[in-house]
Structures are given as structure tokens and as C-alpha cells.
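Okay, so here's the structure we're looking at.
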Amino acid sequence: MLHLMTSEPEQHTGPVGEPDGFGRLWTPHRMAYIQGENKPTGPGADDGCPFCAAPALTDEEALIVARGTSVYAILNLYPYNGGHLMVLPYRHVADYTDLDDAETAELALFTKRAMTALRTASGAHGFNIGMNQGAVAGAGIAAHLHQHIVPRWGGDTNFMPVVGHTKVLPQLLGDTRTALAKAWPDADGS
């Protein structure tokens, strides 16, 4: 199971020395994303696309949860929420309309399996599912299509720091990958 841990907020002082009542959730791993680490140098598959490189690694190294014929499921290295998965084609395509019928069908199937695995492993109450098509739409790696599956729970991190003065500390990505891989349903749905 994925576990959320909370603690009482620590009192910190603001920039002028006044207590602000907020705890701090430091996410230094996001700085690599902000600075563009592992971003492709261009739109081609050979331009350093991490989504093209990931399948050549072990599942543990790449944080791959499950592999299919045309698509695979991988944890987001810079998650919005614990258990944030992406489903993407092996083939380097940028747009949903570029998928062939087999890729489209398996992407939909893997989305369903991801939801099932997240419910089994973490008791997710709901999901945000979507694609950002193109850099202007917010795609961090616009050249390789990927669909986000973000698990949600009642009272999760939306307002926790502001209203509840509570931090959510996610499970390590490797542990999350293991839990979801174990919960991933087989082809027969079990």
C-alpha cells in the first residue's frame, strides 16, 4: 500500500522574521525538472528522449510498472501526487492522432489497468487523467505522447498545506513502483 504520512506544521519565520505558520515541504527533486535535466535536445527520438530510452533499462531503473506490446506504464519522475503514472507508446509520436489503432486500444487498456492497480495499491478515490498536447498546452516532453494518470483521495494535497497545515510525504518512487507492479492486473483482469 502507498502510505501518506503527516506531521504537525513547524513554525517558521518569513523573510522579515515574522512567524508565518506554514510548514515547509521541500521538493528539491523538482529543481532538475525546472532546470530541464533529461529534457530532449530536439523533437526526434534520437534527441535524448527519456521516454524512448526508458524501455531499454530494467523496470526498476526506469520505474516502469508494466510493459505491453505497443505501450508501457511508468511512474512520473516528478509526480504531482504519490502514484502518478504515465502511459505512453514505445513509438516516438507527438500527437494522439498519430497513434495507430493498436496503440490507441492498448493505451486505453493500460489506463484502465493503471486505475485498477492504483485503487488496489493505494485505495485511490478518484483520478485526474489527461494529456497535454504540445508545449503550449503544458507538455514537458511534447515530442513523445504520454497520458497522465494521477490518483486522488478525499482531502488529499489540494488544500492540506493551506487549511490543514499538514504536509504529505510521498513514498519513495522505487517502493511505489514495486507496489503498483504487484497490483497491476494481468491480461485477464486478475
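The values are calculated or read from the model by the stated rules, or taken from the named source; none is laboratory data. Quantities reported herein were computed from a predicted structural model and do not represent experimental measurements. So basically every Cβ, Gly included, is an ideal-geometry build from the backbone, and we count neighbours across all protein chains shown. Keep in mind that these areas ignore ligands, DNA and RNA; they rest on the heavy atoms of the full protein, side chains included. Shrake-Rupley method; radii C 1.70, N 1.55, O 1.52, S 1.80 Å.
Extending each Cα 7 Å along its Cβ direction at ASN128 and THR178, get the distance between those two points in nm, one decimal.
Output for this residue pair reads 2.9 nm.
Which distance in nm do the two modelled labels at GLU61 and TYR80 give, with both placed 7 Å along the Cα-to-Cβ direction?
About 3.0 nm separates the two model spin labels.
Taking a probe of 1.4 angstrom, what is the accessible area of LYS112 in Å², to the nearest 10?
140 Å²
Can you give the FRET efficiency to the nearest 0.05 for LYS112 and VAL136, using r as the Cβ-Cβ distance and R₀ = 30 Å? Walk me through the numbers before you get to the answer.
Details: r = 29 Å, r/R0 = 0.97.
Using R0 = 30 Å, I get an efficiency of 0.55.
Quick query: amide H of TYR78 versus all other amide H atoms, modeled in the peptide plane; which residues come in under 5 Å with a sequence gap of 5 or more or a different chain?
Correct list: empty.
Report the FRET efficiency, 1/(1 + (r/R0)^6), for ASP47 and ASP186, where r is their Cβ-Cβ distance and R0 is 45 Å, rounded to 0.05.
Numbers: r = 35 Å, r/R0 = 0.79.
Plugging the Cβ-Cβ distance into 1/(1 + (r/R0)^6) gives 0.80.
Put a dot 7 Å past each Cα toward the Cβ at ASP101 and ARG119; how far apart are the dots in nm?
In this crude spin-label approximation the distance works out to 2.9 nm.
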